[in-house]
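K.L.:
Pasting a structure here, questions to come.
The values are calculated or read from the model by the stated rules, or taken from the named source; none is laboratory data. Predicted model only: the values in this text are computed from it and were never measured. Glycine also receives a Cβ, built like all others from the backbone with ideal geometry; neighbour counts cover every protein chain displayed. We work out accessible area using only protein heavy atoms, side chains counted, and drop any ligands, DNA or RNA first. Shrake-Rupley method; radii C 1.70, N 1.55, O 1.52, S 1.80 Å.
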Amino acid sequence: MAEPWWRTRSQDLHRLEDRITSLYAERCHIDRDDNAIVLINKARTVHVPAAWLAVLLIGPGSRITHPAITLLADSGTAVCWVGEQGVRLYATGTSTARGSQLQLRQAWLVTRPKERVAVARRMYDMRFPGEDTTGLTLQQLRGREGTRIRRLYTQHAERTGVPWTKRDYKPGDAFAASDDVNRLLSAANSALYGICHAAVTGLGASPALGFVHTGNALSFVLDIADLYKAEFTIPLAFDLAAQDLTSERDARTALRDAAVRGKLLPRIVADIKQLLVPNSGDLPDEDLGALWDDGDTIVSGGRNWSATHHLDVIPEPTDRTPAETAP
């Protein structure tokens, strides 16, 4: 008897780029009906084909059944338990990626100085559109970024009339700063990290393997979040301070609404792909189920190698550049 469609091989499922990027659900019951997950609340019932969905974000007030989770996992759909509108990531289960190619690509890039610098430079270039940064060192790029951020603080202070002296931040305590706008900046940035964390894990990339940041379990999350602070969290903090909305919840809900209006999550997904695999589309996402051999070859798994002396070598895909096949 043929396997039901949700038990098909991972490479037969819909590719990530063909799926709906994400679906956010809150205050509902999530169940399974054949090949779909079902979202139920007092107002209506919605059926969503699981295999067409890249990431399901489960917000506050929701509950989900074991059959629904099983279907999502078998369909290669990432599940993230988050705060309102995806702000703050609390837990994740399963990635949309069935293979490890994107994470291997990320690891290959971050462990080779030349390639790592190239990715870091692309990150800085995204913050300076239209500017030629070719001849600048990383130290010079960091200096230019610092100048840009200080200028933004000053501009928004003048625009809103909120007093500003300097960035005051204490790691681990968003509200330890000396003034309202600094506390709002810390709270909004924390919420932004949650959104970026959900996107990174949903794609199957490693949150820890950063290119500008390093030594932190969320280094890549911090890298990605820095791309959007100038557009989202900095103006938001000054606007809230000007309106005397100074609680952590004010910052979190305001960023939630701004992220929805600005379609931030799809932008993050596209930017991560462009940073890790520029100008060459997506890496193949096959579950090879293989074993690593000497050099750049791999051999088939799921067999006992003690009974044979020849190598059943699996050829690497030939439609990638040498840099992409290096891992």
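K.L.:
Assigning unit charges at the beta carbon (Lys, Arg +1; Asp, Glu -1) and nothing else, what dipole magnitude in debye, to the nearest 20, does the range 160-276 show about its Cα centre?
P.N.:
Its charge dipole is roughly 300 debye.
K.L.:
Next question, about the same structure. Can you give the net charge of the other residues whose Cβ lies under 9 Å from the Cβ of Tyr124, counting K and R as +1 and D and E as -1?
P.N.:
Residues near Tyr124 contribute +3 overall.
K.L.:
For the range 46-161, just say rounded, prolate or oblate: build the C-alpha gyration tensor, square-root its eigenvalues into a ≥ b ≥ c, call rounded for a/c under 1.5, and beyond that prolate if a/b exceeds b/c, oblate if not.
P.N.:
Judged from the Cα gyration tensor, the range 46-161 comes out oblate (a/c at least 1.5, b/c at or above a/b).
K.L.:
Rounded to the nearest 0.05, what FRET efficiency is calculated for Arg151 and Val48 with R0 set to 41 Å and r the Cβ-Cβ distance?
P.N.:
0.40
K.L.:
Just to be sure I understand the model, the point goes 7 Å from the Cα along the line to the Cβ. What's the resulting Ala217 to Arg167 distance in nm?
P.N.:
For Ala217 paired with Arg167, the spin-label model returns 2.4 nm.
K.L.:
Within the range 101-194, list the GluC sites (Glu not before Pro) lying in a DSSP loop whose Cβ has at most 16 other Cβ atoms in a 10 Å radius.
P.N.:
Passing sites in the range 101-194 are Glu131.
K.L.:
What does the charge count near Leu136 come to, summing +1 for each Lys or Arg and -1 for each Asp or Glu among other residues with Cβ under 15 Å from its Cβ?
P.N.:
So the surrounding residues net to +2.
K.L.:
Can you find, among Ser206, Ala187, Leu264, the residue farthest towards the positive end of the dipole of the range 121-275? Put +1 on the C-beta of Lys and Arg, -1 on that of Asp and Glu.
P.N.:
Ser206
K.L.:
Continuing with the same structure: Once you charge only the Cβ atoms, +1 for Lys and Arg and -1 for Asp and Glu, what is the size of the charge dipole of the range 231-278 about its Cα centre, to the nearest 20 debye?
P.N.:
It works out to roughly 320 debye.
K.L.:
Given contacts defined as C-alpha pairs under 8 Å and at least six residues apart, what's the relative contact order of the range 69-164, whole-number percent?
P.N.:
13 percent
K.L.:
At 7 Å along Cα-to-Cβ for each site, give me the label-to-label distance between Ser306 and Arg112 in nm.
P.N.:
It is 3.8 nm.
K.L.:
Under the rule a/c < 1.5 gives rounded, and otherwise a/b versus b/c splits prolate from oblate, where does the range 163-268 land using the Cα gyration tensor?
P.N.:
Here the range 163-268 falls in the oblate category.
K.L.:
HN-Hα J couplings of the range 257-270 from phi, Karplus 6.51/-1.76/1.60, θ = phi - 60°, integer Hz, Gly and Pro as x?
P.N.:
Karplus-based 3J(HN,Hα) across the range 257-270 equals 5, 5, 5, 5, 4, x, 6, 5, 4, x, 5, 4, 4, 5 Hz.
K.L.:
Seen from all sides and averaged, what is the projected area of the convex hull of the Cα atoms in the range 102-220, in nm²?
P.N.:
8.8 nm²
K.L.:
Find how much the distance from Asp244 to Glu131 grows on full extension, using 0.36 nm per residue of separation minus their present alpha carbon separation; answer in nm with one decimal.
P.N.:
37.0 nm
K.L.:
Also, quick follow-up: Between Ile298 and His66, what FRET efficiency follows from the Cβ-Cβ distance if R0 is 56 Å, with the result rounded to 0.05?
P.N.:
It comes to 0.95.
K.L.:
Using the basic label-point model (7 angstrom from Cα toward the beta carbon), what is the Ile40 to Arg142 distance in nanometres?
P.N.:
5.5 nm
K.L.:
Which order do His197, His66 take when ranked by solvent-accessible area (1.4 Å probe, heavy atoms of all protein chains), largest first?
P.N.:
So the residues, ranked largest to smallest area, are His66, His197.
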